[in-house]
Amino acid sequence: NFVKGDWGKSMETKRDIKDEFISKLPYSLIIGMGGIISSAIIAFFLGYLAALKDNGIFDKITRFLALFSLTIPNFILSVIIIYFVGVKFRMTNFFTGNGASSVFIATAVMSLYLVGNFSRIAKSHFREQMNETYIKFAISRGFKKETVLLKYGYKPVLYGLLSVVISNFAWVLGGSSVLEFAFGIPGIS
């Protein structure tokens, strides 16, 4: 019956499970896909800037973001955001508002947790491209390193970044369920 599309009735709401699933799917997709796409775009440029100068400001920012995402769980950050943004400064109502601010902040938290790792991988791929012969040749001809690296060395970086993005889709679905629960978003979780 499941394969045919008959998923049964919910014991709690007495509604068709398939209809409930489809009605809640957009929230989860917005958080998950929005977080992963925005983090990949930001990570590409952060990785590029970090690769230009070792131990520069952007290299330190990407290190901090990667370490931050590994040490602080996203539900702890969610509680802190809810306290400061929703309770202390009363900038939004997370649980009684229209839900747009909750979805936006949950997507931003998801992106924050992915951008550190993605940017370190992009930096690594950009550094590898700096050692390629065609990049060194273009720089020796008088072109700026920044221009050559971004104009000709971006494709291998995108391939590496895309492979990491694809491998993180499962985490994104699990991470979005935690954020949906923390912010009271009526998603799949």
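The values are calculated or read from the model by the stated rules, or taken from the named source; none is laboratory data. Computed from a predicted model, the values in this text were never measured in an experiment. Every residue, glycine as well, gets a Cβ built from its backbone with ideal geometry; the counts of neighbours run over all protein chains shown. Please note that ligands, DNA and RNA were not included when accessible areas were found on the heavy atoms of the full protein model with its side chains. Shrake-Rupley method; radii C 1.70, N 1.55, O 1.52, S 1.80 Å.
Annotations for the structure displayed:
- Ranking by accessible area, most exposed first, for Ser23, Ser176 with a 1.4 Å probe: Ser23, Ser176
- Segment 7-65: relative contact order as a whole-number percent, Cα under 8 Å and 6+ apart: 16
- The longest part of the chain holding none of the exposed loop GluC sites (Glu not before Pro), meaning those outside H, G, I, E and B in DSSP with at most 15 other Cβ atoms within 10 Å, is 13-131.
- For segment 86-135, the average shadow cast by the Cα convex hull is 5.1 nm², which is a quarter of the hull's surface.
- Nearest-ten-degree value, helix 17-52 long axis tilted from longest Cα axis of the chain: 20
- 32 Å Cα-Cα threshold exceeded, pairs from Lys4/Lys155; Lys60/Lys145; Lys53/Lys155; Lys60/Lys155: Lys4/Lys155
- Separation of alpha-carbon centers, segment 62-97 and segment 114-168, rounded to whole Å: 32
- In degrees, nearest ten, helix 57-71 long axis to first principal axis of the chain (Cα): 30
- Where chymotrypsin sites (Phe, Trp or Tyr not before Pro) fall in DSSP loop in segment 1-75, at most 13 other Cβ within 10 Å: Phe2
- The chain gives an Rg/Rh value of 1.11, both radii derived from C-alpha positions and Rh following Kirkwood.
- Each 5 Å bin, from zero up to the one with the longest distance, holds this percent of the alpha carbon pairs of segment 47-106: 4, 16, 18, 15, 12, 14, 12, 7, 2, 0.
- Gyration tensor over the Cα atoms of segment 1-110: the corresponding equivalent ellipsoid has semi-axes (square roots of 5 times the eigenvalues, largest first) of 36, 21, 12 Å.
- Segment 117-189 - percent relative contact order, Cα under 8 Å, separation 6 or more: 30
- In degrees, nearest ten, helix 154-167 long axis to first principal axis of the chain (Cα): 30
- Excluding exposed DSSP-loop trypsin sites (Lys or Arg not before Pro) (at most 12 other C-beta within 10 Å), longest clean stretch of the chain: 91-140
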